[in-house]
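The values are calculated or read from the model by the stated rules, or taken from the named source; none is laboratory data. Bear in mind the structure is a predicted one, so any value in this text is a computation, not a measurement. Here the Cβ positions follow ideal geometry from the backbone for every residue, glycine too, while neighbour counts run over all protein chains shown. The area values use the complete protein model at the heavy-atom level, side chains included, leaving out ligands, DNA and RNA. Shrake-Rupley method; radii C 1.70, N 1.55, O 1.52, S 1.80 Å.
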Amino acid sequence: MLPKFEIETEIRKDWFLVSDQIAGTVSANYFFGKSVDGSVEIEAVKYTGTWETYATYSAILENGSAEFELPAVEWIAGTYGAGGQGSLMLNISVTDTGNHTETTTELLKIVESDTILQLIPESSTVKPGLSFEVLVVTKDPDGNAIDTDVSVTAVFHESGYTETVRDDTVSTENGIVIISYTSPDNCTGAYLGAECRDTSGAVVRRSVNLDAAYSPGASFIHIAQTSDGVPNVGDTITFAVHSTNPGTVFYDIFANGRTVYSGTSERSEIAVQVTPQMSPSAKIVAYMINPNSEVSADVLPFEVRFETSVDLTSKFGSDTVAPGDAVRVNFDARVGSMIGVAIVDESVYALSAGRLNLKQVFDELEKRFMAPQIEIHPEYGGYYENRLVGTYDILDDAGMQVLASPSFEIPKTPVPEARDMWKGVAGGDVVAMDIMVEEAEAEAMPAPAAMPTAALSGEAEADDELATVERVRQFFPETWLWMPDLLTDDQGRAQIDLTAPDSITTWRLHAVSTSEEGIGIAEGHLTVFQEFFLEPDLPYSVTRGEVFPVRVQVYNYLDMQQDVKLTLSTGDWFEIIGDEVVTVPVGANSVGDTSFTITPTEIGTHTIEIAA
């Protein structure tokens, strides 16, 4: 079922120290634009090895919002997947005056320090005898740059268990600084360690271990981006090529699961024009054939920014309409184009955003991963065991299929000598989950012909007679329109004439145009609203013979209270238990609720009709 209103939380930041109080604001609004009157409840749950509630909060919404303040967490368990940070979950539920409840979840980070230190090598492997760069990043948990001094120690492991050590002290500018290194010719791996101080003066540390590339003939290749920043589609991106031997460099651009560009270079530089197929991210795979027929390779990922080049606009004829009104949508792409258009209920996006209950997900993961698993622990004896990575594995890890003539040697990662290891006990189980998927038809849903309904007026007679019948609302699609092939005229203009659905909500329009000039993207919104209406709150399905309530919310946005008489039309597929006519007083600009009790007697999909 689609949600009836949207819950939004406004918190000053999404991270807190264990000693910080947590404050924010919860607001709730119906999808037709009105604020929700009702109450809010917050359950604060922290992860300490298991999820446990440490605080609760409740308040009455005023003009659709309420402020909250929760005590400090004080202590929490960090997790490896969160980089050592703790997780705090806020389970928020809002109940309106019609007794309908919606829920949402906010996940906050609980951090040990207000400064995050990162070491980002340009590659996961170092190439003996070649240079490589390391990006040092200092930022706060929100990602804002922090400028500070960082001490960095690089330890290069070499054959014979010897080491070369280099110490640097650098200062980050706009939160970053790059350090360049040249690895020794007989390097078998590297260790990088860094430390800085946060705003309280406490020491923050970070370290990373790097493997070394393997080549029987000591032939290596290394690539590094030399052009600045993230390129746009149409820009030229350049890379420097460093190799132990001269020769032709072959390269492929790999994106979205396939090779989108291939080329060769006789120089120590590669220049490639960025295409849309490389968006949003790609990787360059460079390799060369050395004089001894051994193949060397390197891989470097890069991001691509895809900015639209066409200024597509879309506009509804008005901002707000009533159910069943005529609606016109105008498009202007400035040039002859084909436009794909979708108009979807705003509540669908809210449903997809809050579909997973984070606590249920974490509880399930916790049950699975706390079960014993097979483990293999090498005996390092206090010394990091670097792994030598061959060309075959570099290409394979990049998602490439490696095929070579017998005359070429593609070095593979050498198998290490057997060492004493201990193994844990295998355990746990594997769970398969089925998911039902429904596929919508690729066309606009036709609106049914208008049928009579009851129109309510503040001047209605007090003799319990219904007002004049005008229209029955019965067209409630989730997707109002799906049109992938709208053609414009030569000037890029097009229009669509539609009939507004009966859903009282806001509709979101997405449009994408394609032409020789490029791609354009546009969005729009239309609110369908009337001042008085009913909203049944029905379950998705029930069982024959089950007794269940048909809940009804009555929305009155007129300027005076209404005594609303509701009538449940009888049907041949259910039996009514109790009254089929009830009267509900609903205040001005307010929401009321009531229910009818029925029991189904026939299997199938049926219609319930309620008049007011």
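Side notes on the structure shown:
- For the criterion of being over 30 Å from residue 595 (Cβ atoms), modelled with pLDDT of 90 or more, of a type outside the set (Val, Ile, Thr) and in a strand (DSSP E or B), residue 107 fails.
Results for (1) open to solvent by 40 Å² or more (accessible area, probe 1.4 Å); (2) modelled with pLDDT of 85 or more; (3) of a type in the set (Phe, Trp, Tyr), shown as yes or no for each residue.
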| site | (1), (2), (3) |
| --- | --- |
| 138 | no, yes, no |
| 160 | yes, no, no |
| 166 | yes, yes, no |
| 171 | yes, yes, no |
| 179 | no, yes, no |
| 193 | no, yes, no |
| 207 | yes, yes, no |
| 226 | yes, yes, no |
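- Residue-level analysis places residue 256 outside the set of residues that are in contact (Cβ under 8 Å) with a residue 60 or more places away in the chain and surrounded by fewer than 18 Cβ atoms within 10 Å (Cβ to Cβ).
- When 552, 528 are screened for being open to solvent by less than 30 Å² (accessible area, probe 1.4 Å) and over 33 Å from the mean Cα position of the chain (by Cα), only 552 passes.
- Here region 515-531 is the region considered, the condition is being modelled with pLDDT of 90 or more and polar (S, T, N, Q), and the residue that is farthest from residue 99 (Cα to Cα) is 527.
- The strands (runs of 3 or more DSSP E) found entirely in region 34-90 that carry 1 or more residues being acidic (Asp, Glu) and in contact with a Gly (Cβ under 8 Å, 6 or more places away or on another chain) are 65-70.
- Of the listed requirements (1) within 18 Å of residue 398 (Cα to Cα); (2) surrounded by fewer than 14 Cβ atoms within 10 Å (Cβ to Cβ), residue 273 misses just one: (1).
- One residue stands out in region 532-549 among those that are acidic (Asp, Glu) and modelled with pLDDT of 85 or more: the one that is least open to solvent (accessible area, probe 1.4 Å), namely 535.
A quick yes/no check of all residues on (1) modelled with pLDDT under 90; (2) over 22 Å from the mean Cα position of the chain (by Cα); (3) surrounded by 19 or more Cβ atoms within 10 Å (Cβ to Cβ); (4) not hydrophobic (A, V, I, L, M, F, W, C):
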position: 8; (1), (2), (3), (4): no, no, no, yes
position: 26; (1), (2), (3), (4): no, no, yes, no
position: 29; (1), (2), (3), (4): no, yes, no, yes
position: 48; (1), (2), (3), (4): yes, yes, no, yes
position: 103; (1), (2), (3), (4): no, no, no, yes
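- Selection of region 10-33 for residues being part of a loop (DSSP other than H, G, I, E, B) and not charged (D, E, K, R) yields 18, 19, 21, 31, 32, 33.
- Filter pass, residue 244 being loosely packed, with under 12 Cβ neighbours inside 10 Å and hydroxyl-bearing (Ser, Thr, Tyr): no
- Hits in region 67-94 - residues which are among the hydroxyl-bearing types (Ser, Thr, Tyr) and open to solvent by less than 40 Å² (accessible area, probe 1.4 Å): 87, 93
- Candidate set from region 319-353 (those that are within 14 Å of residue 508 (Cα to Cα) and of a type in the set (Ser, Thr, Tyr)); member that is modelled with the lowest pLDDT: 349
- Within region 483-521, the set of residues being among the polar types (S, T, N, Q) and either open to solvent by 50 Å² or more (accessible area, probe 1.4 Å) or touching a Pro at 6+ places or on another chain (Cβ under 7 Å) (or both) comprises 491, 495, 499, 514.
Yes or no, residue by residue, for (1) free of Cβ contacts under 8 Å to residues at least 60 places away in the same chain; (2) in a strand (DSSP E or B):
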| residue | (1), (2) |
| --- | --- |
| 169 | yes, yes |
| 177 | yes, yes |
| 180 | yes, yes |
| 185 | yes, no |
| 188 | no, yes |
| 196 | no, yes |
| 201 | yes, no |
| 206 | no, yes |
| 212 | no, yes |
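- Condition met for residue 35 (under 30 Å from residue 534 (Cβ atoms), touching a residue at least 24 places away in the same chain (Cβ under 8 Å) and under 26 Å from the mean Cα position of the chain (by Cα)): no
- Identity of the residue in region 269-305, under 18 Å from residue 390 (Cβ atoms) and among the β-branched types (Val, Ile, Thr), that ends up farthest from the chain's Cα centre (by Cα): 289
- Members of region 584-598 found to be surrounded by fewer than 19 Cβ atoms within 10 Å (Cβ to Cβ) and within 16 Å of residue 95 (Cβ to Cβ), listed by number: 590, 593, 595
- Residue 156 being crowded, with 19+ Cβ neighbours inside 10 Å, in contact (Cβ under 8 Å) with a residue 40 or more places away in the chain and aromatic (Phe, Trp, Tyr): no
- Of all residues in region 286-317, those satisfying the criterion of being within 16 Å of residue 408 (Cβ to Cβ), in contact (Cβ under 8 Å) with a residue 60 or more places away in the chain and surrounded by fewer than 15 Cβ atoms within 10 Å (Cβ to Cβ) are 292, 293.
- Boolean, residue 84 is over 29 Å from residue 287 (Cα atoms) and either without any contact (Cβ under 8 Å) to a residue 12 or more places away in the chain or in contact with a helix residue (DSSP H, G or I) (Cβ under 6 Å, 6 or more places away or on another chain) (or both): no
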